[in-house]
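The structure appears right after this line, and notes come after that.
The values are calculated or read from the model by the stated rules, or taken from the named source; none is laboratory data. What you are looking at is a predicted structure, and each value in this text was computed from that prediction instead of being measured. For neighbour counting, all protein chains shown are included, and Cβ atoms are generated from backbone atoms with ideal geometry for every residue, glycine included.
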Amino acid sequence: MVTSVISTLLYIRVLLLAPSIVSLAQDFEDVLAQTLKYPREARENKIEEVVYVSLDIDQIGELRSYEILQSPNPVLRKEVVRSFDLIQKSWKKQFLGDRRLNQKYLVILEFNLGADYSTVHTLFKKANEAISAKDNEQALKLIDQCIALNPYNEDYFLTRSSLYRQLGNVEASQTDILRARKIKNELLSHMVISGVTL
């Protein structure tokens, strides 16, 4: 899974972009880089969060609507709404590339203030350490916690699928493979918005 990273340094001066500027972007991640910022209030209060946004694309490739799937911190929610309001006004079918039309896509936005910031990232690291130590039962418990915190990560389901297979639960393994494929097919972008000034 390829994840893009935006540094605060790149857009700290971007307070509000006109739709005409957004329309110059060549792909969806360019649009996000142009419109989205890490709010100062969130950085000063050390607010970190993952925001999930669902995009509803119609049969001709227009952005019909968007929905924030979880209720994040109000400061970050306001920023995401501001950004996606601009994106919706200047949406182009080309942002989808060769993806299918008339379906919903997922955008994952990770607001973080450092490289090792997130509980779920720490849990996933520990799960991989348990796998290396051949402690599959412990690894499975940790991966279950990862999925509870972030149910939209393809890698978590693939890792759990492998663990299930090694533990002899073939049905559960296949179910997780299908869920990972569904996430992959629906994921439009996974971006990290870093509050660290480079």
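Summary of values
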read-out	value
Scan of the stretch 93-110 for residues that are charged (D, E, K, R) and touching a Leu at 6+ places or on another chain (Cβ under 9 Å), ordered by number	93, 99, 104
Members of the stretch 122-144 that are closer than 22 Å to residue 50 by Cα and either among the hydrophobic types (A, V, I, L, M, F, W, C) or not in a helix (DSSP H, G or I) (or both)	123, 124, 127, 142, 143
Unique match (being crowded, with 17+ Cβ neighbours inside 10 Å and either more than 27 Å from residue 87 (Cβ to Cβ) or polar (S, T, N, Q) (or both)) among 183, 131, 193	131
Subset of the stretch 27-50 that is assigned to a loop (DSSP other than H, G, I, E, B) and touching a residue at least 60 places away in the same chain (Cβ under 8 Å) - its residue that is farthest from the chain's Cα centre (by Cα)	46
Residues satisfying the stated conditions in the stretch 51-64, i.e. modelled with pLDDT of 95 or more and assigned to a strand (DSSP E or B)	53, 54, 55, 56, 57, 63, 64
Search result, residues across the stretch 73-90 that are touching a residue at least 60 places away in the same chain (Cβ under 8 Å) and small (Gly, Ala, Ser)	90
Residue in the stretch 70-91 that is of a type outside the set (A, V, I, L, M), within 28 Å of residue 163 (Cβ to Cβ) and not assigned by TED's automatic domain parsing to the domain that holds residue 142 present	yes
Failed condition for residue 103, given (1) outside the structural domain of residue 75 (by TED's automatic domain parsing); (2) in contact (Cβ under 8 Å) with a residue 24 or more places away in the chain; (3) among the polar types (S, T, N, Q)	(1)
Residues of the stretch 51-72 that turn out to be touching a residue at least 40 places away in the same chain (Cβ under 8 Å) and either among the acidic types (Asp, Glu) or over 22 Å from residue 89 (Cβ atoms) (or both), as a count	2
Meets criteria (of a type in the set (Val, Ile, Thr), surrounded by 14 or more Cβ atoms within 10 Å (Cβ to Cβ) and assigned to a helix (DSSP H, G or I)) for residue 147	yes
Filtered residues of the stretch 65-121 (kept if aliphatic (A, V, I, L, M), in a helix (DSSP H, G or I), under 14 Å from the mean Cα position of the chain (by Cα) and surrounded by fewer than 20 Cβ atoms within 10 Å (Cβ to Cβ))	120
